[in-house]
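Below is one structure; the comments refer to it alone.
The values are calculated or read from the model by the stated rules, or taken from the named source; none is laboratory data. Because the structure is a prediction, the values reported are computed rather than measured. A quick note on method: Cβ atoms are made from the backbone with ideal geometry, for glycine too, and the neighbour counts reach across all protein chains shown. Quick note on the areas: whole protein, heavy atoms, side chains included, nothing else; ligands and nucleic acids left out. Shrake-Rupley method; radii C 1.70, N 1.55, O 1.52, S 1.80 Å.
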Amino acid sequence: MMKYGAEHEEHRFTLSFTESEIRGQWRDIFLGIHKEVGEEFPKDLIDPSILVICNLDGEIVQIVLHDEGCDCEFQFTFSEKAQIENYVKQHVNV
């Protein structure tokens with residue numbers, strides 16, 4: 001996770017499924033994000049979570065990092081997004 005335009009920084013975390021809902025042509029999947037032992041998230045993140053937006057065929061269209069339930073100024077790195085995509089494919093019935 002890194003602020004938009006900031007230096008690339010990787011974080012280690014685990015994920016948990018929270019909920020899923022259909023919104024028109026989209027399926028929103030909400031995930032909890034939990035830092036691994038010894039890991040620290042950026043200090044500006046208070047209560048991070050993840051919104052994964054899929055089409056109704058289950059294809060991931062966007063992955064959004066939320067803080068306190070809202071969009072925030074942070075984004076995931078390429079490898080963090082890959083971890084989230086793999087989790088959704090393996091653990092969420094899309």
Requested in this report: Specify which of the listed residues (Ser20, Ser79) is open to solvent by 30 Å² or more (accessible area, probe 1.4 Å), out of contact with any strand residue (DSSP E or B) (no Cβ under 9 Å at 6 or more places or on another chain) and touching a residue at least 60 places away in the same chain (Cβ under 8 Å).
Outcome: Ser79
Query raised in the report: From the list Leu45, Leu51, which residue is within 14 Å of the chain's Cα centre (by Cα), assigned to a strand (DSSP E or B) and not basic (Lys, Arg)?
Result: Leu51
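From the list Asp28, Asp44, which residue is of a type in the set (Asp, Glu) and modelled with pLDDT of 95 or more?
Details: Asp44 fails: modelled with pLDDT of 95 or more.
After applying the criteria, what remains is Asp28.
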Report task. Filter segment 54-94 down to residues that are among the aliphatic types (A, V, I, L, M) and over 20 Å from Ala6 (Cα atoms) and give me whichever is nearest to the chain's Cα centre (by Cα). Result -> Ile84
Report task. Determine, yes or no, whether Asp47 is over 23 Å from Asn93 (Cα atoms), acidic (Asp, Glu), open to solvent by 20 Å² or more (accessible area, probe 1.4 Å) and in contact with a Gly (Cβ under 8 Å, 6 or more places away or on another chain). Result -> yes
Query raised in the report: Within segment 10-40, can you find the residues that are within 23 Å of Ile60 (Cα to Cα) and acidic (Asp, Glu)?
Result: Glu10, Glu19, Glu21, Asp28
